[in-house]
Amino acid sequence: MQQQNAAASHAQSTPENRLAAEGIVLPPAPGPLGAYRPWVIFGSLLMTSGQFPWRDGKLAYTGRIGSAVHPSDAYAACRLAAISAIAQLKDAVGSLSRIKQIVRVEGTMQVATGFRDHPKALDGASDLINRVFGEAGRHSRMIYTNTEMPLDTPVLLVLLAEIHD
């Protein structure tokens with residue numbers, strides 16, 4: 001019975017309420033760093049550009065995961081990048097309740113030679129997205145690695161979401 005009540009309560013709350021329950025206040029959606037849009041809507045799909053792990057307008061982490069960035073910090077960096085990505089979604093559609101489904105999460109990571117815990121690091125984004133969006137947050141995902149990243153960021157995160165009309 002308690003599980004049913006918890007599930008019903010979760011279904012009735014909004015993604016914004018779930019963010020607040022996590023203690024998260026979305027920052028303003030970060031602007032682009034070049035000649036591109038931070039998000040694009042095509043049909044019923046919304047895709048963000050790569051999102052950095054910003055905190056108070058500055059990169060919270062720099063360097064390679066597995067050397068300059070500890071694996072637990074990589075989880076936190078992916079979580080921060082997810083917060084920026086969620087801010088982009090909200091900027092695009094106004095209310096996060098318009099998100100029908102998070103379709104895909106793509107993480108590009110700058111890693112040290114020998115680092116193999118990419119999935120655990122990207123769980124920093126996936127765990128948050130799943131909590132905020134509930135069943136609509138369950139997504140596919142892909143991990144890429146680069147030898148060098150813009151601004152020496154350890155991670156860039158892209159979200160693809162389906163939106164309600």
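The values are calculated or read from the model by the stated rules, or taken from the named source; none is laboratory data. These figures come from a predicted structure and were not determined experimentally. Cβ: placed from backbone, ideal geometry, glycine included. Neighbour counts: every protein chain shown. Calculation scope for accessible area: heavy atoms of the full protein, side chains included, ligands and nucleic acids excluded. Shrake-Rupley method; radii C 1.70, N 1.55, O 1.52, S 1.80 Å.
Under 6 Å between Cβ atoms, which residue pairs at least 6 apart in sequence (or on different chains) link something in region 154-165 that is under 25 Å from residue 70 (Cβ atoms) with a partner that is open to solvent by 10 Å² or more (accessible area, probe 1.4 Å) and outside any strand (DSSP E or B)? Correct list of pairs: 154/61; 156/50; 158/50.
When region 117-165 is limited to residues that are of a type in the set (S, T, N, Q) and more than 18 Å from residue 87 (Cβ to Cβ), the one that is most open to solvent (accessible area, probe 1.4 Å) turns out to be 147.
Evaluate region 47-64: report whether one residue or more is hydrophobic (A, V, I, L, M, F, W, C), open to solvent by 50 Å² or more (accessible area, probe 1.4 Å) and free of Cβ contacts under 8 Å to residues at least 60 places away in the same chain. The answer is yes; a qualifying residue exists. Scanning for something of a type in the set (Lys, Arg), open to solvent by less than 60 Å² (accessible area, probe 1.4 Å), within 24 Å of residue 165 (Cα to Cα) and part of a helix (DSSP H, G or I), does region 87-110 turn up at least one residue? Scanning region 87-110, I find no residue that is of a type in the set (Lys, Arg), open to solvent by less than 60 Å² (accessible area, probe 1.4 Å), within 24 Å of residue 165 (Cα to Cα) and part of a helix (DSSP H, G or I), so the answer is no. If you check 63, 124 for being at pLDDT 95 or above and either outside any helix (DSSP H, G or I) or of a type in the set (D, E, K, R) (or both), only one passes: 63.
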